[in-house]
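The values are calculated or read from the model by the stated rules, or taken from the named source; none is laboratory data. None of these values were measured; they are calculated from a predicted model. As a convention, Cβ positions derive from the backbone with ideal geometry for all residues, glycine included, and neighbour counts pool all protein chains shown. Protein only, heavy atoms only, side chains kept; ligands, DNA and RNA dropped before computing areas. Shrake-Rupley method; radii C 1.70, N 1.55, O 1.52, S 1.80 Å.
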Amino acid sequence: MIKVTVWNEYFHDDPQCDKCDARSIECHPNGLHETVAAIVRELGEDKVSVRTAVQKDPEHGLSQEVLDDTDVLIWWGHMAHDLVSDEIVDRVHQRILKGMGLIALHSAHYSKIFKKINGTTCSLKWRDGAYERIFTINPTHPIAKGIPENFELGVEECYAECFDIAKPDDVIFEGWFDIGEVFRSGCTWTRGYGKIFYFQPGHETNTAYWNPHVRKIIQNAVEWCYNPIARPYMDAPRIKTTLEELRNGSEGEYLRHF
Ligand code: ZN
């Protein structure tokens with residue numbers, strides 16, 4: 001069972017928020033977190049359990065208890081990155097190092113947690129309302145399973161290079177935009193025991209999350225980011241066993257995990 005928490009800042013799409021806009025609410029009537037949670041739930045009740053959390057929840061819905069009970073955290077944020085507390089970002093970061101996966105969607109490229117993981121500005125070029133086609137440039141990667149060589153996304157916010165990120169472990173998808181731009185749309189990293197995937201589609205007033213290939217990519221990413229073998233290593237063990245003890249047949253408290 002993969003335990004997934006979907007986090008959304010919930011400003012554009014929250015009818016109670018003075019910064020909300022009608023088009024975002026129309027696209028995400030139950031909030032963008034519920035839109036994404038529904039995608040993950042399609043993996044099946046026997047495979048995933050999904051909870052949601054938003055910025056205005058106590059501790060942004062990301063208490064230590066919740067994070068310890070989360071295998072994969074999905075993050076969507078845009079206009080309110082600065083309102084996420086540094087203490088909670090540190091908490092999320094520590095949990096990633098100990099094996100929690102992170103999927104950063106769309107404008108989460110500027111979230112505090114994504115910038116912390118990269119150690120760079122995570123800046124990019126952008127323009128609203130372009131046409132995008134996504135190319136699968138690493139078809140053997142598990143996140144690309146079942147995804148065609150390329151597919152039409154339609155109208156999406158253009159994100160363009162240079163994307164100032166740390167060198168990814170893999171670039172799986174490349175976005176092409178009809179205004180003459182390209183972008184590394186799907187990239188992975190590892191930090192500690194945590195596996196991280198960034199995926200560009202998902203502007204709040206567009207309909208990328210209803211594209212079947214986008215849904216499948218997010219589902220694949222949840223499965224790829226899940227790292228159950230990380231759990232035994234949550235705290236770095238001291239190597240207690242001496243060479244003499246090993247020679248005398250001791251398995252060693254640390255080495256026996258391998
Ligand atoms: Zn956007």
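For segment 150-180, filtering for residues that are farther than 22 Å from Gly194 by Cβ, touching a Phe, Trp or Tyr at 6+ places or on another chain (Cβ under 7 Å) and free of Cβ contacts under 8 Å to residues at least 40 places away in the same chain leaves 4. Filtered by the rule that a residue be touching a Gly at 6+ places or on another chain (Cβ under 9 Å) and within 16 Å of the ligand (Cβ to nearest atom), segment 187-202 gives Tyr198, Phe199, Gln200, Pro201. Selection of segment 1-13 for residues being part of a loop (DSSP other than H, G, I, E, B) and surrounded by 21 or more Cβ atoms within 10 Å (Cβ to Cβ) yields Glu9, Tyr10, Phe11, His12, Asp13. When residues in segment 150-189 are screened for being of a type in the set (D, E, K, R) and either over 15 Å from Gln200 (Cα atoms) or in contact with a helix residue (DSSP H, G or I) (Cβ under 7 Å, 6 or more places away or on another chain) (or both), 4 of them pass. Candidates are the residues of segment 18-35 that are open to solvent by 20 Å² or more (accessible area, probe 1.4 Å) and part of a loop (DSSP other than H, G, I, E, B); the one that is farthest from Tyr209 (Cα to Cα) is Asp18. Among the residues making up segment 75-99, those that are within 16 Å of the ligand (Cβ to nearest atom) and either outside any loop (DSSP other than H, G, I, E, B) or open to solvent by 10 Å² or more (accessible area, probe 1.4 Å) (or both) are Trp75, Trp76, His78, Met79, His81. Hey, does segment 132-149 have a residue that's within 12 Å of Pro201 (Cβ to Cβ), touching a Cys at 6+ places or on another chain (Cβ under 8 Å) and modelled with pLDDT of 95 or more? Yes. Hey, does segment 55-74 have a residue that's closer than 19 Å to Gly202 by Cα, of a type in the set (A, V, I, L, M, F, W, C), buried (at least 21 other Cβ atoms within 10 Å of the Cβ) and touching a His at 6+ places or on another chain (Cβ under 8 Å)? No, every residue in segment 55-74 fails to be closer than 19 Å to Gly202 by Cα, of a type in the set (A, V, I, L, M, F, W, C), buried (at least 21 other Cβ atoms within 10 Å of the Cβ) and touching a His at 6+ places or on another chain (Cβ under 8 Å). Looking across segment 151-171, the residues that are farther than 26 Å from Asp82 by Cβ, surrounded by 15 or more Cβ atoms within 10 Å (Cβ to Cβ) and more than 16 Å from the ligand (Cβ to nearest atom) come down to Phe151, Asp170, Val171.
Checking each residue in segment 36-57 for being assigned to a strand (DSSP E or B), under 17 Å from Met1 (Cβ atoms) and among the hydrophobic types (A, V, I, L, M, F, W, C) picks out Val48, Val50. Is it true that some residue in segment 100-112 is within 17 Å of Asn8 (Cα to Cα), of a type in the set (Lys, Arg) and open to solvent by 10 Å² or more (accessible area, probe 1.4 Å)? For segment 100-112, residues within 17 Å of Asn8 (Cα to Cα), of a type in the set (Lys, Arg) and open to solvent by 10 Å² or more (accessible area, probe 1.4 Å): present. Return yes or no: is Gly129 surrounded by 15 or more Cβ atoms within 10 Å (Cβ to Cβ) and either among the small types (Gly, Ala, Ser) or part of a strand (DSSP E or B) (or both)? Answer is no for this residue.
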